[in-house]
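All remarks here apply to the structure that follows.
The values are calculated or read from the model by the stated rules, or taken from the named source; none is laboratory data. Bear in mind that the values here come from a model prediction, so they are computed numbers and not experimental data. Cβ: placed from backbone, ideal geometry, glycine included. Neighbour counts: every protein chain shown. Accessible surface areas use protein heavy atoms only, side chains included; no ligands, DNA or RNA. Shrake-Rupley method; radii C 1.70, N 1.55, O 1.52, S 1.80 Å.
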Amino acid sequence: MSNFKPEPMARKHAPRNRPESGSSAPSTGASAGLLVNVIRTLTTSVSMDQRELEKQRLEIGYRESGRIIDGLVSSHQEDLTTSLQSFRKVSSRITAARERLCNIRNSLGTCKSLLQCRRDDLKKLWLESAEQKYVSQLLEQIDHVRSIGARVHEAAANRQYLTAADKLLDAMVSVEGDLRDIDGLSDLKHGLRKTNDALFTQMMDEIMNLLYIRPCEEQMYEVFKTVNANSMGHSAMVAAVLSKSALAEGACLKATEESGVRLAENACAVQESVEELDRHPAHLLAVLVEALAVLRRLPEAIEKVKHGIQRGLNRAVQLTAAFYHERQAIALGPSVDQGGAAVGDAHHLSELLHLLFRQLKVSGVLHTLLLAQLTRVSDTRRLTGVELFAIDDYWTQVQVALQQLLNDYLDVSGVGATAATSARLNQTAAASLSSYFAKRPSARVQKPALFRFDAAAHAMRHGSSNVGRSNLREITLQTPGSGAHVCPPAAANVTAVYRGLAKFATEIEQKLRLNEPCQLHVFLKSFVGETFLPRVQNELREKADAALQATDSWQTVISVEEQRLRNSPEVLTSSARTFELCVYVSDLMQALPPFADRLAALWLLILAEYRRCTKTVYDQATRSIRQPDGMEPMEWRKISAAWAVDPDISRLLKSLPNWLSLVIEPLQALQTPSLFSPPTAPTTPMVESADEIRRRNQRESEILIANLGTQKKIEDWEVITDVPHIRSLANMHESLEWFCASVQRTLAQLPTSTTERLKQAVVEMTTSDSDGPPVIEALSVGLERRLSELEEMAGTCLLMLHLEVRVHCFYHLLPLARQGSHVIGASESQEADRRILAFNRDLVQLHELLSAQLQPRKVRYLFEGLGHLVSVIFMHSSQHIQKINDNGKKRMCRNIFSLQQCLSALTSNREPDLDTARKFFEMLYKSPDEIISGIVERGPKFTEIEYTFLISLA
């Protein structure tokens, strides 16, 4: 070993300490070759000398090697010492290890021998120990299952449904697993199933309460908290709602479809405290769905929710109605109906529906959240065979519930509803009889409940939520007003609720993505079109007959109080009541926009009937029955009435400035142009000068003189002498003008959408004036035509009064003018003629009568220009005077002066035209030469024909 150990070291360090060229250090190959040569020499040499020589040479080599080794040992003394010590330690450890191995081998041999000796005893003891351990585990499981009922009850009472479900599931797994074959635990298993059912029922009640009742309670909490505490009295319902502090936050009303849910790492809902669950309805739904999935009753819960939608909605509607009825009873106080419930109007029904709409929207959001949680739990737990209900089912049932509510409030009656009710009653009666005569099962002995939930310690701590909810239900059922109506049922209630219902139906259509009207929309349109509008038409016909056919409706005017309320002048009762019908139709048009065209058609019927009755009254006032000698009685029209409808005369009179100013003034005061016609530019009021007024009066007088100046006498039946007829015409004019202006204002207040609808609608009209076929015209054209006809009749009434006053002038003055001789003796009175005095009384009576019925500007129009007409009548009639003396001239001047005084007092104008007539007759004191000289000197003051009359009389 000593010969070969250094060589590896030399090889190891050879690359770093390579000797220089010529070095004599032996290499491994040289040493090996030398050894082989020595062995070969020793084996092949024959002589001893050679062997001795070889021996010597080897000894010399060994000595040289020893010397080298000694040198190396001396130079590496420390390394060698360290190596020897290390070798010594390793050797001692190996020796100790060998000793331990020997001991272990001996121990194992001993154990083997012992085990072989007691193997059967140990096996028997182990089996007994395992059996005792298993029995102990079963007993622990039984004790755990027995105690699980109280724990589940406590957790459920604290609304820790997920915890209760987990514990109950563990107990059920234990009972159905290791304890399955134990016959003595049948009662325990039955108790667990009842606990499972009770927990399932409580969770389903919680879900239904959250979906339907909780939104209603939160909404009513907001309503009741604004009511004065002193006015609430002893309302148990209000107290029950306000006692729930959890409703103050309105968590359900604030819930949205994006409400988040707190989940654990395994994507399951996390159980929160009761306060947190009340503040987060979405999380409460998540916990309930998770708990139902834990109990493996999720499909059953889905079916109960799906089939309980209608019952829950009906219950929510009834509860909301009871809440609102209680609030209404508090607000209205002693106003009660026969059933003891507060009475309201359609406005209260609209408020109730708006409350229901908000509540139903919140319930829809909660249903969406419930579906989201059902989908999440089904996907997370990979449940199969779970069929979710669609949100469309909820909105469909919402429409059914609203229809049932509307059937009660809109007074919907029909054969179908009666038949359905009878069928339900018959079915209920048959079911009652079948159940009565059916064989009853034997009475089952009721086993005592294994666990009870009403005696736990939590009942005092958390009883306000569940107990308060049950008390609230009992209070609602026991309240007398819970089944009463917030307003009397009537078809007219649809006007107050149609817009809200139509908007809500449109939202349902958007939610359901329908391309056609939903069931609620169809119900509304069907009810309004087939039930309500026919009733409205019959009602309008009855009211129109009562307003227009009454004997005093065209003679009496509305009271002063009604005038003050309407801010209107004195108008006929018939016009006021007819306008009320128009306003009623206008309100219906605004309340029922889709049916505006049909309602406007009813408006046309009202206007047509009103015009017909107005024309009848007008004819009665302007026509008289006359029976000439030897002839049958005939109907004659008054002179003024004939002229008022004469196209030429009426057109000429209406072209005069005084008529135009009379028409422009009310239009500017109205400031409501025609609804269907383009707006016209504003017209500046006409201001006439004195010359223009004189020329206008002269033109009108010429027309009248040309038509009436040639008559010898106007008969009594040709003028209106009955004061009631004149009053009727004046009232009719004012009423028609007010009626047309009011209707125009009402039309202008219609919404733009309704106006556009009326412009596009077409109606088929038949008129009583013609026997021709029905006329098809645009609805807007029909309305404008009816209003223009009424306005024309109003103008005709005023124009006729204008002409009637002038016909009265001819009626009184023509007999005086046609008197051929005006020779008055000295003994006769020279005062005004009796006919003039009668004419004055007639003018004063007409003025007083018309001033009481017409506006001042219209009275001014009627009496303005009378002085000029009277003056022209006097001067034009002078041609019929054959003889006249000075006394006759004086009387004629006194007649003119008397008329001038009367007209001046009536018109507040000096009537200078009568001065001209008086000067005309004063010229008779002059001779013809003096008259001609005056014309030459001072110019003409009269017309040529008037000077001819003067010269012939002078």
Report task. Would you please name the residue that is nearest to Arg695 (Cα to Cα), looking only at residues in segment 894-926 that are polar (S, T, N, Q) and open to solvent by 60 Å² or more (accessible area, probe 1.4 Å)? Result -> Asn909
Requested in this report: Sort out which residues of segment 873-908 are among the small types (Gly, Ala, Ser) and closer than 21 Å to Val723 by Cβ, and write them in order of number.
Outcome: Ala905
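So, in segment 935-947, exactly how many residues are open to solvent by 70 Å² or more (accessible area, probe 1.4 Å) and either closer than 15 Å to Tyr925 by Cα or among the basic types (Lys, Arg) (or both)?
Of all residues in segment 935-947, those open to solvent by 70 Å² or more (accessible area, probe 1.4 Å) come to 936-938, 940-941, 944-945.
Then keep just the ones that are either closer than 15 Å to Tyr925 by Cα or among the basic types (Lys, Arg) (or both); that gives 938, 941.
Within segment 935-947, residues that are open to solvent by 70 Å² or more (accessible area, probe 1.4 Å) and either closer than 15 Å to Tyr925 by Cα or among the basic types (Lys, Arg) (or both) number 2.
Would you say Glu562 is free of Cβ contacts under 8 Å to residues at least 24 places away in the same chain, among the charged types (D, E, K, R), part of a helix (DSSP H, G or I) and farther than 29 Å from Val763 by Cα? Before you say what the answer is, go through the steps one by one.
On the way: free of Cβ contacts under 8 Å to residues at least 24 places away in the same chain: yes; among the charged types (D, E, K, R): yes; part of a helix (DSSP H, G or I): yes; farther than 29 Å from Val763 by Cα: yes.
Judged against the criteria, Glu562 is a match.
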Query raised in the report: In segment 523-538, is there at least one residue being under 24 Å from Gln397 (Cβ atoms) and open to solvent by 80 Å² or more (accessible area, probe 1.4 Å)?
Result: yes
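For segment 369-387, name all the residues that are in a helix (DSSP H, G or I) and surrounded by fewer than 18 Cβ atoms within 10 Å (Cβ to Cβ). Quick ask: steps written out before the conclusion?
Residues of segment 369-387 that are in a helix (DSSP H, G or I), as a first pass: 369-380.
Matches in segment 369-387: Thr375, Asp379, Thr380.
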Query raised in the report: Here are some conditions: (1) within 29 Å of Val528 (Cβ to Cβ); (2) at pLDDT below 80; (3) of a type in the set (Lys, Arg). Arg611 meets all but one. Which one does it not meet?
Result: (2)
Report summary line: Ala706 meets each of (1) open to solvent by 60 Å² or more (accessible area, probe 1.4 Å); (2) within 27 Å of Gln853 (Cβ to Cβ); (3) among the aliphatic types (A, V, I, L, M) with one exception, condition (2)
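Going by the structure shown, is Leu247 buried (at least 19 other Cβ atoms within 10 Å of the Cβ) and modelled with pLDDT of 85 or more?
Answer is no for this residue.
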Query raised in the report: What do you reckon, is Ala591 touching a Ser or Thr at 6+ places or on another chain (Cβ under 7 Å), under 27 Å from Arg785 (Cα atoms), among the small types (Gly, Ala, Ser) and touching a residue at least 60 places away in the same chain (Cβ under 8 Å)?
Result: yes
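Identify all residues within segment 854-872 that are in contact (Cβ under 8 Å) with a residue 24 or more places away in the chain, within 24 Å of Asp722 (Cβ to Cβ) and open to solvent by less than 30 Å² (accessible area, probe 1.4 Å); write none if there are none.
Residues of segment 854-872 that are in contact (Cβ under 8 Å) with a residue 24 or more places away in the chain, as a first pass: 854-855, 857-858, 860-872.
Subset that is within 24 Å of Asp722 (Cβ to Cβ): 854-855, 858, 861-863, 866, 869-870.
Leu854, Lys858, Tyr861, Leu862, Phe863, Leu866, Leu869, Val870 - these are the residues of segment 854-872 that are in contact (Cβ under 8 Å) with a residue 24 or more places away in the chain, within 24 Å of Asp722 (Cβ to Cβ) and open to solvent by less than 30 Å² (accessible area, probe 1.4 Å).
Say whether the condition of being of a type outside the set (Asp, Glu), loosely packed, with under 14 Cβ neighbours inside 10 Å, modelled with pLDDT of 70 or more and over 25 Å from the mean Cα position of the chain (by Cα) is met by at least one residue in segment 286-309. Talk me through it step by step, then tell me what you get.
Here is the first cut: in segment 286-309, the residues of a type outside the set (Asp, Glu) are 286-289, 291-299, 301-302, 304-309.
Still in the list and also loosely packed, with under 14 Cβ neighbours inside 10 Å: 307.
Narrowing the set further to residues that are modelled with pLDDT of 70 or more leaves 307.
Among the residues that remain, those that are also over 25 Å from the mean Cα position of the chain (by Cα) are: 307.
Yes; the residues of segment 286-309 include at least one that is of a type outside the set (Asp, Glu), loosely packed, with under 14 Cβ neighbours inside 10 Å, modelled with pLDDT of 70 or more and over 25 Å from the mean Cα position of the chain (by Cα).
Somewhere in segment 71-81, is a residue open to solvent by 100 Å² or more (accessible area, probe 1.4 Å), of a type in the set (Ser, Thr, Tyr) and either modelled with pLDDT of 75 or more or in a helix (DSSP H, G or I) (or both)?
no
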Requested in this report: Inspect all residues belonging to segment 177-197 and state whether any of them is surrounded by 14 or more Cβ atoms within 10 Å (Cβ to Cβ), modelled with pLDDT under 75, β-branched (Val, Ile, Thr) and assigned to a helix (DSSP H, G or I).
Outcome: no
